[in-house]
Structure formats: structure tokens, C-alpha cells
Amino acid sequence: MAKNNTSQTSWVDKQVFTTGEAAEICKVSQQTIIRCFDNGRLQGFRVPGSRFRRIPRSELLRFMKANDIPIDNLESGKKRILVVDDDNQIVELFVDVLSRDDRFEVKTASTGYDAGLLTESFRPHLLLLDYMLPDINGNLVCERIKANPELKDTKIIIVSGVVNQEEIDALTRSGSDGFVKKPFNIEKLIARIAELLEV
């Protein structure tokens, strides 16, 4: 049993899988995975100079969902939260409070660009998003995330100190699931996060 937990833990953080690992995760034979790879149903790449096939995490998840294979083996059970803010004090506060809560796994970004990259790899269940980032406005980040079919279930809470009602309405239209004005009550915010993520 302990062995399973070890491999499951490593799968949670792993970004690229061998056909053997993919077979174990999907609970099918390695030959099935190789067949799906070779006929194009499962995308990936070959290691240069060898016959070894590799499957990126995002593609394995897509394949599993498309074939109704439970994705529990790739999930840690914790809800993933991405904090996007260029204010270090706010970021530290969120990381400190959320990391101590064993329901959540937390990563951070300080720009919209980094947020985009992390959203692709980390696949957060929820974004805590500053409205005024150095390189982009929060509503554009909302629109991009909600426009991506693979991310449409991602919840977004906008956090800001300088926003009027008109802008809040625009954010809601962009796909924001909530708005919190700075300074905020951290307990109420955690309660709202838990409510949105149903934990």
C-alpha cells in the first residue's frame, strides 16, 4: 500500500510520463497506451535518437477525460490555488494562510504572463487574482481563462483596492466568480474560497 502512495505522490508533481507510467495510471496495458500513441489518439513525443515515447501531463489528462478514465491517480486530493498579485505582502499573507490549510495547494505568480504559464501547467481550481497587474488587467486574464474549454471550470476571485461598481460588473461579465476589496477579512475570504471549491 505504501508503494502506491509513493508513486501517486510522484505522479501528482510529474509533468511527462512514460508509456508504462501512463498504463499504470490509466489501469490498462502498456501495449494499449503504445497503440493509442502510435495511432494518434494519445499525443506526445519520442525521445530523440530512441524509440521511447513520452506523454505530457496535459495530454494524458485530456486522454483520460475523453475516455472516462478516473483522474484520481493524477490528483493530490487538494484543491490547487494560484495567487496572482505583484504585492509581496499580499502574496505572503495568502501563501501563509492557505498553505496551513491542508485542503489547499498553493502557487504564486506576480504577472499576467506568469499566471498564464502556471495556469497551463498547474491547472489551478481557483485563481486569487489582483485586478491591476503590471502587464495586464484582471478582466483580460478572466476572459482568456474562461475562453479555454479546458479551464472553463476554474474559479476566479478578483482582489483589488481601487475598483468601482462599474468595473466590478465588467469583471463579473468577464467570468469572475467573486470580488474582494482590499483590505479584506482573511477568514471571510477563506470561507468564500471553500464555498466556491465545495470543500
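Coordinate-derived values only; no laboratory data. Remember, it's a predicted structure, so these values are computed and weren't measured experimentally. With ideal geometry, Cβ positions are generated from the backbone for all residues, glycine too; neighbour counts draw on all protein chains shown.
For this structure, a couple of remarks:
- For the options LYS107, LYS188, LYS155, a Gaussian network treatment of the chain with springs between C-alpha atoms closer than 10 Å singles out LYS188 as fluctuating the most.
- Once the Cα atoms are used to define both axes, helix 186-197 deviates from the longest principal axis of the chain by about 40 degrees.
- Rounded to the nearest 20, the size of the Cβ-charge dipole of the range 100-144 about its Cα centre is 100 debye, with Lys and Arg at +1 and Asp and Glu at -1.
- Counting only Cβ charges, +1 for Lys and Arg and -1 for Asp and Glu, the dipole size of the chain around its Cα centre is about 1040 debye.
- Our Cα-only numbers for the range 24-116 put the radius of gyration and Dmax at 18.2, 51 Å.
- Relative contact order (percent, whole number), the range 79-197, Cα cutoff 8 Å, 6+ residue spacing: 23
- Helical runs assigned H by DSSP (4 residues or longer) give the chain a calculated mean residue ellipticity at 222 nm of -14000 deg cm²/dmol, each run adding -39500 (n - 2.57) before division by the residue total.
- Using a cutoff of 8 angstrom between alpha carbon atoms and counting only pairs six or more residues apart, the relative contact order for the chain works out to 14 percent.
- Ranked packing of 111-117, 20-26, most packed first, by mean Cβ within 10 Å: 20-26, 111-117
- Kirkwood Rh and Cα Rg combined as Rg/Rh, the chain: 1.03
- Checked against a 28 Å cut-off, the cross-linked pairs LYS14/LYS188; LYS107/LYS182; LYS78/LYS146; LYS79/LYS146; LYS27/LYS78; LYS65/LYS181 give Cα-Cα distances beyond that limit for LYS14/LYS188; LYS65/LYS181.
- Angle in degrees between helix 57-66 and the longest Cα principal axis of the chain, rounded to the nearest 10: 80
- Each of the peptides 91-98, 43-50, 27-34 was scored by the mean count of other Cβ atoms within 10 Å over its residues; in descending order, highest first, they stand as 91-98, 27-34, 43-50.
- Convex hull projection area averaged over all views, the range 79-197, Cα basis, nm²: 6.4
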